[in-house]
């Protein structure tokens, strides 16, 4: 091997898989926005479901509770599974439960759907950093995690 091909291989090895890392970041961003979005729509939600704004606010609580209660136990329960499959299942679960939330006209069904959307989000959050680290060489793991977890501060913009 000549030095130019070694340098080309080294440069290729130093490139982060940005599209995959940004997909992970988008997953985290969607999880966060979905958690907090009802807080800005309380009057509309309460009117649509025929409940008080305080009860509508419990949709945020149900989601957060689902995330809190599920993240560690589900991460442990799925540790023998391929991480890609677990991440895809969480995204599908997230889609299903958020669709139920969007289509529901029942407060009870909406709260249950929000709880399980939170469960999916909690599991997704528990996977993002580890998944990002496994995608790159050891010397790039910190940068990969920073890109994948960049969604958290973006929600404040």
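The values are calculated or read from the model by the stated rules, or taken from the named source; none is laboratory data. None of the values given here were measured: they were computed from a predicted structure. Cβ atoms come from the backbone with ideal geometry, glycine included; neighbour counts cover every protein chain shown.
Values as computed for the structure displayed
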item: Scope region 35-68; condition at positive phi and touching a residue at least 60 places away in the same chain (Cβ under 8 Å); matching residues; result: none
item: Test: residue in region 136-144 that is over 18 Å from residue 93 (Cα atoms), touching a helix residue (DSSP H, G or I) at 6+ places or on another chain (Cβ under 7 Å) and surrounded by 21 or more Cβ atoms within 10 Å (Cβ to Cβ); result: yes
item: Any hit, region 88-96, residues being at pLDDT 95 or above, more than 23 Å from residue 146 (Cβ to Cβ) and surrounded by 21 or more Cβ atoms within 10 Å (Cβ to Cβ); result: no
item: Among the candidates 84, 114, 79, residue that is loosely packed, with under 13 Cβ neighbours inside 10 Å and farther than 18 Å from residue 17 by Cβ; result: 79
item: Qualifying residues in region 55-64 (those that are in contact with a helix residue (DSSP H, G or I) (Cβ under 8 Å, 6 or more places away or on another chain) and surrounded by fewer than 17 Cβ atoms within 10 Å (Cβ to Cβ)) - the one farthest from residue 130 (Cα to Cα); result: 55
item: Meets criteria (modelled with pLDDT under 95, under 27 Å from residue 42 (Cα atoms) and outside any helix (DSSP H, G or I)) for residue 156; result: yes
item: Residue tally, condition under 26 Å from residue 24 (Cα atoms) and exposed (fewer than 13 other Cβ atoms within 10 Å of the Cβ), over region 97-111; result: 2
item: Residue 32 under 20 Å from the mean Cα position of the chain (by Cα), within 26 Å of residue 150 (Cβ to Cβ) and in contact (Cβ under 8 Å) with a residue 12 or more places away in the chain; result: yes
item: Single match in 113, 146, 102, 108 (criterion: touching a residue at least 12 places away in the same chain (Cβ under 8 Å) and either in contact with a strand residue (DSSP E or B) (Cβ under 6 Å, 6 or more places away or on another chain) or part of a helix (DSSP H, G or I) (or both)); result: 113
item: Subset of region 65-85 that is assigned to a helix (DSSP H, G or I) and touching a helix residue (DSSP H, G or I) at 6+ places or on another chain (Cβ under 6 Å) - its residue that is nearest to residue 130 (Cα to Cα); result: 83
